[in-house]
1. Measuring from centroid to centroid over Cα atoms, what is the spacing of the stretch 90-118 and the stretch 139-173 in Å?
2. How long are the semi-axes of the ellipsoid equivalent to the stretch 127-170, from square roots of 5 times the Cα gyration tensor eigenvalues, in whole Å, largest first?
3. Within the stretch 112-131, what residues put their amide N at less than 19 Å from the label point 7 Å along the Cα-to-Cβ vector of residue 139?
4. Taking a virtual spin label 7 Å from the Cα of residue 112 along the C-beta vector, which residues in the stretch 62-105 bring their backbone nitrogen under 16 Å of it?
5. Taking the number of other C-beta atoms within 10 Å as the exposure measure, put 142, 65 in order starting with the fewest.
Ligand code: FES
């Protein structure tokens, strides 16, 4: 008697990437008011082991709705990293570490961070350091002389038409 081929279960058809994406969205994210204050998924592990390697977002999701507008930011804690997602242009969302390397001020919207659309820089309200979209410290900001250091920058794939994106949590530079 020949064995009947088994149809793969729905679960096994879901790619690892999709599985991680779903975990990132579904686990532990808490929206407070109009701004996401703490999307804590840092303890999430995929079945079989491994850390969270990416975070998916959708600007229609209440947790990320601020990213609909250019110049707005959303703070996210994921995979042990404290990130800032910033809608820099209609076509682009960037992801930077959000703890200022000068004196560890929190650059979140509810902290001291401000995205300056005109200059395309992230401003730290503690001592006025500024950072470029790639996280590089602006050497002529108030703390000048390149003494502050850079923010980590995480690659983001963003589909502006769909309003969806994926942050690569292991590709920081
Ligand atoms: S903590 Fe940001 S400039 Fe000092």
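What follows draws every value from the coordinates through simple rules; no lab data is involved. What you see is a predicted model; the values in this text were computed from it and never measured. Glycine also receives a Cβ, built like all others from the backbone with ideal geometry; neighbour counts cover every protein chain displayed.
1. A separation of 9 Å, based on Cα centres.
2. Numbers: eigenvalues 166, 25, 8 Å².
Each semi-axis is √(5λ); the values are 29, 11, 6 Å.
3. Output list for this probe position: 121-122, 129-131.
4. 98-105, by backbone N distance to the label point.
5. Details: 142 12, 65 18.
Lowest to highest Cβ neighbour count: 142, 65.
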